[in-house]
Amino acid sequence: MPKNRIEYDCDTFNYWCSETDYNNRDKTFGRFVDDGRGYRIEDPSTPRPWLNYFSNAKFGSVISNRGLGFTWYKSTLLRITKYDHPIDYLPRDFQDGREIIVTDLTNGEQVNVLRSADNLICTHYPGHSIISATVMGIEFEFTLFVPIDDPCEIWQLKISNPTNNERELKVSFQQTWTLSRFGIHTAEEGIPYISTPGERLTVNSEAQGCYCSTDNPDLPYAMYGFFQSPQAVKSKIRPLNEIRPDGREFVFQHCELKSDIIKLTDETVIFNLVAGVETEATAADQLKTKYATATIFNDEFNKIQQKWDNTVNSPACKIPDKPLQYFLNFWFKNQLELVFNFVRSGQKGYRDTIQDAWGETMLDTATSTERLVEILSHQYSDGTAPRQYSCFNDGEHDTRRFMDSPVWLARTLIDLVKESGDLTLLEQQVPFLDSGTASIDEHVWRALDYLYRNRGQHGMCLTGDGDWNDALEGISKDGDAVSVWLTIAMYDAINLMVELYDYCGNDKRAAILKQRAAEIKDLVNRNAWDGEWYYYGFTGTGKPIGSKENKEGRIHLNAQTWAIFAGIADKKRAATALKAVDKILGTELGPMLLAPPYVDEGDEVGRIANLEPGTFENGSIYQHAVAFYIYACIANGNSKKAYQTMINLLPTNPENFDCRRSSEPYCTGNYYCGANHPRLGQNFFTWFTGNAAWLIRIGFDLMLGVKTGFNGLEINPQVPEAWDNYSVTRNYRGCIYNISFTRQANDNSLRLVVDGKELTGNIIPISNNRECQVQCWF
């Protein structure tokens, strides 16, 4: 760490890849398999653990490429099995997790398969992972997944003897319970335990399982844990005592299931295990009974496979760019499922989960609708909302009022209506968090109305406790700072609601919003244009943020991109702003969030100046914001630049190779280190990010050009000139549309033929058929 910097909780110094690795473009660790549905890690010495996540609405599990990891219930901070480090920010080595220990009874040799095997191969898929290894001449295949509904993870181990010599083995399966609740990681406190592991925990073991229960009042629920196998013959639970640096004594419980003697010849022996938790004793007993039968394990695996078959089949594409195809068909969806279920950290960020619901609308409208209702039920009657709401339904919300919360609602609502065709959704009644009940339409109206009526300097929206860039919270010490970006985002949301009101015939509200939109557009262009780009905002003292007169943070990306795709900027200003973005913020991986990074202006801007230059919001290549940039490029008519930026951003970019990037090649991250960081391109934080929804939407809706409308599918291809053919499959209102695209030579006009009938225009009408064949020439 540089001598002149004070260490901060998000610093990356201890995790920089070495200079040798940073320049080692030849070293690879795996490859996509099964037409991109799987990623096989063939060298286990990855730069950091390469993970996969499985989840349902209640339970989550993470597995590294060595099989290690932990489980949680309702929140990543309510952990069932032991893992001391926080889920967020920086990668850590897994010290705890699943263990499979094999003993050769012939010679007494004992091996921990997942930790010791040096020929281990891990293949991650959406919904499950498979790890195979050969140890002591025995072949092992370990599969892990989470069922669709039950709060547990399922292990399956297959053991095979490739020789004709009989082997006698015993197998032990182990994990460690914590059943504890964590707080958010801080530099001063480390990883705070809100509850004490082992407190008021009762354990008991039976021949085929280990069981526990706790009524610890520091947990949000009573909890009943189970770890069992129908093939086990003996179990054991022993305490693991730890004295923490602060003197607190923790007692973890180490569980072990043991097999009988296995006489292994040429057959395959299978072990099935279940590990999970419930919050009611009767529900735990029901799961104990359900998983006492060996056949149920394959039934649950088949269900999860069928679920993912349905998910990956629509929307789906076949395109010349295979890495992009793999992300659109499989990996954005895999990542979106995780963040949809568990958002970013211990609570549900209001704006975060709205955007996840927006992505989910194209996959499952019913689930997305349920989430929108849940989100709006945490809105106050004045239109504001908590920064985060509790996962545990206990009323313990993060009540800071970040004023950007409302602006994400409109996009989710209008696309839900377009996807489902259900206008009655607007009238569905939802309670407010404080008092009263109103329709979904009224909730969104009040949210945008509050923003419009709570403006400050130059007619811009007040930030309250913050906006999207929450690291800039210092600009609003007295609540009187304003955000140009937020004002532009409000304008964008207003216009989306105008589109919805025009369609459903609410002329009164449409007229009010049109008038407000015209006013806001004029104010932003008169008061927030700095000659080459838009300001980001103004501090409470009136000092501009994101201006030429600033020494640090002179230009901010989001104000430019949103001004372009929202339509605030005219054609000339859009071109000028994009030129400035590319010149000042551009890198080979995408534009940085701002430049120059903040170092000396902490008193003026807040904690962003504590962040390492080139990381997080302080000048990194923030991938969520790069998605906004891609959106803006398409809106500005530059589909070529949009596509190239998308390809540069993905972790499959060969110029940001494995050893440099360090993160998984099959999921996106929060950020890449920016140009002011010594490790430009390294990725310290993957999976938990809002960009998955935006990138899958950009891919199918804008680039491939198949977007749902009120009255049909809107077709507008924006693909590279080198693409002569591609296809998209889209399930829309009960009909599967198989759409083939063919580029016409010397003719840019669009032709559509649906089931043999040529159409005029670019809209494929709603069909009552179960399937339609569509040819599109462009």
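The values are calculated or read from the model by the stated rules, or taken from the named source; none is laboratory data. Everything numeric in this text was worked out from a predicted model, so none of it was measured. Note that each Cβ is placed from the backbone with ideal geometry, even for glycine, and that neighbours are counted across all protein chains shown. All accessible areas refer to the heavy atoms of the entire protein, side chains included, with ligands and DNA or RNA removed. Shrake-Rupley method; radii C 1.70, N 1.55, O 1.52, S 1.80 Å.
Observations on the structure shown:
- Projecting label points 7 angstrom from Cα along Cα→Cβ for LEU105 and LYS551 puts them 7.6 nm apart.
- Under a 5 Å amide H cut-off, with hydrogens placed 1.01 Å from N, ASP530 pairs with TYR535 among residues at least 5 apart or on other chains.
- Local electrostatic count at PHE297 - Lys and Arg +1, Asp and Glu -1, tallied over other residues with Cβ under 13 Å: -1
- Ordering ALA410, CYS317, LEU287 by the projection of their Cα atoms onto the charge dipole of the range 286-425, which places +1 on the Cβ of Lys and Arg and -1 on the Cβ of Asp and Glu, puts CYS317 at the extreme positive end.
- For the chain, adding -39500 (n - 2.57) for each run of n ≥ 4 DSSP H residues and dividing by the number of residues yields -8000 deg cm²/dmol at 222 nm.
- Taking the 1.4 Å solvent-accessible surface of the range 475-584 as the whole, the part contributed by carbon and sulfur is 47%.
- Inter-label distance, ILE261 to THR202: 3.8 nm, where each label sits 7 Å from its Cα along the C-beta direction.
- Ordered from largest to smallest accessible area (heavy atoms of protein chains, 1.4 Å probe), the residues TYR350, TYR380 come out as TYR380, TYR350.
- Amide hydrogen proximity for GLY466: with H placed 1.01 Å from N in the peptide plane, the residues at 5 or more positions away or on another chain lying under 5 Å are MET403.
- Rounded to the nearest 10 Å², the accessible area of GLU552 at probe 1.4 Å: 20 Å²
- The distance separating the Cα centre of the range 387-412 from that of the range 659-706 comes to 24 Å.
- Share of carbon and sulfur in the accessible heavy-atom surface of the range 702-778 [1.4 Å probe, %]: 43 percent
- Relative to the current alpha-carbon distance between ASN393 and SER439, full extension at 0.36 nm per residue lengthens the span by 14.4 nm.
- The solvent-accessible area of LYS307, taken with every protein chain present and a 1.4 Å probe, is close to 60 Å².
- Accessible area in square angstrom per residue, the chain, 1.4 angstrom probe: 37 Å²
- Charged side chains reduced to their Cβ positions (Lys and Arg at +1, Asp and Glu at -1) give the chain a dipole of some 1280 debye around its Cα centre.
- Here the spin labels are modelled as points 7 Å beyond Cα on the Cα-Cβ line, and at THR28 and GLN306 they lie 3.7 nm apart.
- Overall form of the range 256-313 per C-alpha gyration tensor (a/c, 1.5; a/b vs b/c): oblate
- Between the range 118-161 and the range 438-505, the alpha-carbon center distance in angstrom: 48 Å
- Shape category assigned to the range 432-531 from the gyration tensor of Cα positions, a/c cut at 1.5: oblate
- Signed unit charges on C-beta, dipole axis of the chain, positive-most listed residue TRP777, TYR534, LEU585: TRP777
- Length added when fully stretched, SER18-LYS318, from 0.36 nm per residue minus Cα-Cα: 104.2 nm
- Ordered from highest to lowest accessible area with the whole protein assembly present and a 1.4 Å probe, THR367, THR541, THR28 read as THR541, THR28, THR367.
- Nearby aspartates and glutamates by direct alpha-carbon distance to LYS236 (threshold 13 angstrom, same-chain neighbours under 8 apart not counted): GLU206, GLU256
- Pairs from LYS418/LYS508; LYS58/LYS303; LYS543/LYS579; LYS348/LYS551; LYS74/LYS477; LYS514/LYS707 whose Cα-Cα separation, in the structure shown, is over 27 Å: LYS348/LYS551; LYS74/LYS477
- Size of charge dipole - the range 460-563 - debye, nearest 20, with Cβ of Lys, Arg +1 and Asp, Glu -1, no other charges: 240 debye
- Per-residue 3J(HN,Hα) values for the range 380-395, derived from phi via the Karplus relation 6.51 cos²θ - 1.76 cosθ + 1.60 with θ = phi - 60°, read 7, 5, 7, x, 7, 8, x, 4, 9, 10, 5, 6, 9, 6, 10, x Hz in sequence order (x marks Gly and Pro).
- In the context of the full protein assembly, ILE270 retains an accessible surface of approximately 70 Å², using a probe radius of 1.4 Å and ignoring ligands and nucleic acids.
- Largest accessible area first, the residues THR652, THR561 order themselves as THR652, THR561 under a 1.4 Å probe with ligands, DNA and RNA left out.
- Once the C-beta distance of ILE194 and CYS504 is scaled by a Förster radius of 45 Å, the resulting FRET efficiency is 0.45 to the nearest 0.05.
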